[in-house]
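A.B. asks: Please read through the structure below; I'll follow up with questions.
The values are calculated or read from the model by the stated rules, or taken from the named source; none is laboratory data. Predicted model, so just to flag it, every value in this text is computed and none were measured. Cβ atoms come from the backbone with ideal geometry, glycine included; neighbour counts cover every protein chain shown.
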């Protein structure tokens, strides 16, 4: 399907669109349309035969805010009413996830932020963490005072690059009803005996 340019006044916002962009994110969308209007040709607004937006409600609002007189649209004439409702939701669902490592290493964070992607900023740890405060607390005594049927817990720390994998493995083995504590103790004993 090829997009056609029409007067922005002919396109009607969909009052039943459940997706909103507010405040700073909306301002970024307006700015991105002003700075890169070609984007609209590559991703036109989708409308039904009544010229009501099925996909691009917030882009339409941003185009009006940016002062555009004409916008590219694609008519989805072949969709049933039920398919139109489905399209509205599916067009707004974010199916994927960002690869934060790739973004951090291969993209300019300031540009990503300007383009509307809110990139979290993590301050590097510049000092060694002091865990000695944990030595001053008698955790064993506190845990012993809990109900007898409650399992005791210890905290295990992971490097950031191993955390997600560890989390997935723990979840997997818990679903298999493996008592992770006993398994971990056995593996640690094995490794200790090798020393």
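A.B. asks: So is residue 152 exposed (fewer than 10 other Cβ atoms within 10 Å of the Cβ) and either modelled with pLDDT of 85 or more or not assigned by TED's automatic domain parsing to the domain that holds residue 45 (or both) or not?
C.D. replies: no
A.B. asks: Can you list the helices (runs of 4 or more DSSP H) lying wholly within segment 4-118 that have 2 or more residues being touching a helix residue (DSSP H, G or I) at 6+ places or on another chain (Cβ under 8 Å)?
C.D. replies: On the way: elements: 23-35, 38-42, 57-66, 81-92, 100-106, 109-114.
The qualifying helices (runs of 4 or more DSSP H) are 23-35, 38-42, 57-66, 109-114.
A.B. asks: Just give me the residues in segment 3-38 being free of Cβ contacts under 8 Å to residues at least 12 places away in the same chain and within 25 Å of residue 78 (Cα to Cα), in sequence order.
C.D. replies: Just the residues of segment 3-38 that are free of Cβ contacts under 8 Å to residues at least 12 places away in the same chain, to begin with: 9, 15, 22-24, 27, 35-36, 38.
Those that are free of Cβ contacts under 8 Å to residues at least 12 places away in the same chain and within 25 Å of residue 78 (Cα to Cα): 9, 15.
A.B. asks: With (1) surrounded by 17 or more Cβ atoms within 10 Å (Cβ to Cβ); (2) in contact with a strand residue (DSSP E or B) (Cβ under 6 Å, 6 or more places away or on another chain); (3) at pLDDT below 90 as the list, and residue 91 as the residue in question, which single condition is left unmet?
C.D. replies: (1)
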